[in-house]
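Below is one structure; the comments refer to it alone.
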Amino acid sequence: MSSQKESTARTLTVALLVCLVCSVFVAGAAVALKPTQLDNRLLDKQRSILAIAGLGEASMSARVVKELFNSTISAKLVNLDTGEFSDAYDPLTFDPLKAAKDPKLSSVLPASEDTAGIKRQEKFSTVYIVEKDGQIDTMILPVRGYGLWSTLYGFIALKGDLKTVVGMGFYQHGETPGLGGEVDNPKWTGQWPGKVVYEDGSVAVQVVKGGVDPQSPEAEHQVDALAGATLTSKGVENLLRFWLGENGFGPFIENLRAGEA
């Protein structure tokens, strides 16, 4: 009996030691790889910004992405409360998504205003600008909002008139493959360039179930909804209306037009 107890104790001891050693290796690997993971996330984000702004392809190498981004894109911090540029934080290192979780840097959205389903909104955000001859050529705005199963994270790029779409797309989401997941299908995102998101100062963008009637006077504001993904399509419309509206970048865009940002 004592021999059996000794054998069991020895087995448990060995198992615990193996678990301990493995956990040390896993923790060490996680710590060691974290900088690489952060660099890859930044690279993916920059690649998405360039592609959505029509400045490159999603297949660009890391070297090309970094060179092109640094030579053509400038990042600026925006105070969403005032709609003005801010120097409160470094726009290149400030993380709006992290700020949205910090009570000091964000606020809870009332349900009546939270059309994007994000619950909390950061007080500052980073926008990305392409300039030509000292004028804004393209303005890239971060957008996010809830679809059917997940929060969709992406960007919308506007021409210098701050109302005509250059491109729109998402770099992260968890929607159903083949249905809501088609938000990143080039055939769908290809509908957005040339669309007009404002009419008489109000957000006019629509994602239309059943397809856009090209003869409709509203066609310039509309894109086809995703087939079989009504809630994801509505989520895209809602998040764009939120971020382009008075609770998002709307005041900032108005200030830019008036030369007061």
field: Val183 within 23 Å of Ile253 (Cβ to Cβ) and surrounded by 15 or more Cβ atoms within 10 Å (Cβ to Cβ)
entry: no
Within segment 140-156, restricting to residues that are small (Gly, Ala, Ser) and more than 13 Å from Trp243 (Cβ to Cβ), the one that is surrounded by the most Cβ atoms within 10 Å (Cβ to Cβ) is Gly147
Checking Tyr153, Tyr171 in turn, the sole residue that is among the hydroxyl-bearing types (Ser, Thr, Tyr) and closer than 18 Å to Thr115 by Cβ turns out to be Tyr153
Among (1) modelled with pLDDT of 95 or more; (2) farther than 25 Å from Arg257 by Cβ; (3) not in a loop (DSSP other than H, G, I, E, B), Gln191 falls short only on (3)
Going through segment 215-231 in order, the residues found to be under 18 Å from Val165 (Cβ atoms), without any contact (Cβ under 8 Å) to a residue 40 or more places away in the chain and surrounded by 14 or more Cβ atoms within 10 Å (Cβ to Cβ) are Ala219, Glu220, His221, Gln222, Val223, Asp224, Ala225
When every residue in segment 215-233 that is more than 17 Å from the chain's Cα centre (by Cα) and in a helix (DSSP H, G or I) is compared, the one nearest to Gly174 (Cα to Cα) is Leu231
Tyr89 vs (1) surrounded by 17 or more Cβ atoms within 10 Å (Cβ to Cβ); (2) modelled with pLDDT of 95 or more; (3) aromatic (Phe, Trp, Tyr); (4) more than 16 Å from Gly250 (Cα to Cα): all pass except (1)
Please work out if Thr176 is among the hydroxyl-bearing types (Ser, Thr, Tyr), assigned to a strand (DSSP E or B) and over 14 Å from the mean Cα position of the chain (by Cα). no
- Query: What do you reckon, is Val212 over 18 Å from Gly54 (Cβ atoms), touching a strand residue (DSSP E or B) at 6+ places or on another chain (Cβ under 7 Å) and either free of Cβ contacts under 8 Å to residues at least 12 places away in the same chain or assigned to a loop (DSSP other than H, G, I, E, B) (or both)?
  - Reply: yes
Restricting segment 70-101 to residues that are more than 18 Å from the chain's Cα centre (by Cα) and assigned to a loop (DSSP other than H, G, I, E, B), the one nearest to Arg41 (Cα to Cα) turns out to be Asp90
For segment 159-184, pairs from a residue that is modelled with pLDDT of 95 or more to a residue that is charged (D, E, K, R) and in a strand (DSSP E or B), with Cβ under 6 Å and 6 or more apart or across chains, are Gly160/Asp137; Val166/Lys159
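The values are calculated or read from the model by the stated rules, or taken from the named source; none is laboratory data. Values in this document were obtained by computation on a predicted structure and should not be read as measured data. Cβ coordinates were reconstructed from backbone atoms using ideal geometry, including for glycine residues, and neighbour counts include every protein chain displayed.
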